[in-house]
Every structure is written in structure tokens, then in C-alpha cells.
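Before any comments, here is the structure.
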Amino acid sequence: MSDAWLAFLVIFAMLLVIWRIADSRERPMTKSEQERMFFRQTYSLSIDRMLSESPLDRDEVRRLRDSGRSDGSARAIRYVQEWDPVPRDIAAQFVDRV
């Protein structure tokens, strides 16, 4: 084996080790990952459980949703996410089922 080939293999091995070390560090959770984790820990990934246990004011959710405004449903979803930090699709299901 030539010296150049050996040097290439050593450098390549070092880069692989550095890459593995850098990849193994914990990364901060994204907002969507935090929302999923909250939903998993608080409601065990169950919309029915969220409907029965959430402390949200259901009258306010209905008022926002049924306000007659074109963005009423979106406002209700934002309200749910503001007080119960769950993913948008989960908040939308909650608003639809309230």
C-alpha cells in the first residue's frame, strides 16, 4: 500500500470518528417535537382523553369557531394551542369535536 493511500485511510477514519461524535450529541427538540411530547405525556396520544381532561373553556372554543368569521376555526385552533401546546392537527381535531 502506498503512503498516500494509507494517509487517505487515516484521515477518512478520523473524519468518521468526528462525524459519529458530532452526530451523537443531543439536539434541542423542535417546537413540533415539544408539542408531540406534551400531547403524548399529558393525554397519551388520545383526542378522547384530551376532550375529557383538558381544562380549556369549551364555550370559548365554540364561540371562536362559530363566530361567523372566515377565520373562526383558525382562531379557535390558535386558542387551543395557546393554552394546551399540542400540534396543530390535534388542536384542529379538538375544535371540530368540541
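Given the residues Leu51, Leu64, Leu56, which is the only one that is open to solvent by less than 60 Å² (accessible area, probe 1.4 Å), touching a Gly at 6+ places or on another chain (Cβ under 9 Å) and of a type in the set (A, V, I, L, M, F, W, C)?
Step by step, each of Leu51, Leu64, Leu56 is checked, and only Leu64 is open to solvent by less than 60 Å² (accessible area, probe 1.4 Å), touching a Gly at 6+ places or on another chain (Cβ under 9 Å) and of a type in the set (A, V, I, L, M, F, W, C).
The residues of the stretch 1-32 that are within 30 Å of Ile90 (Cβ to Cβ), open to solvent by 90 Å² or more (accessible area, probe 1.4 Å) and assigned to a helix (DSSP H, G or I) amount to a single one, Lys31.
Filtering the stretch 67-91 to residues that are among the aliphatic types (A, V, I, L, M) and buried (at least 17 other Cβ atoms within 10 Å of the Cβ) leaves Ala76, Ile77, Val80, Val86, Ile90, Ala91. Exactly one residue out of Val86, Val95, Val80, Val61 is modelled with pLDDT of 95 or more and not in a helix (DSSP H, G or I), and it is Val86.
The values are calculated or read from the model by the stated rules, or taken from the named source; none is laboratory data. Nothing here was measured: the structure is a model prediction, and the numbers come from that model. Note: ideal-geometry Cβ built from the backbone for every residue, glycine included; neighbour counts use all protein chains shown. SASA here: full protein model, heavy atoms, side chains in, ligands and nucleic acids out. Shrake-Rupley method; radii C 1.70, N 1.55, O 1.52, S 1.80 Å.
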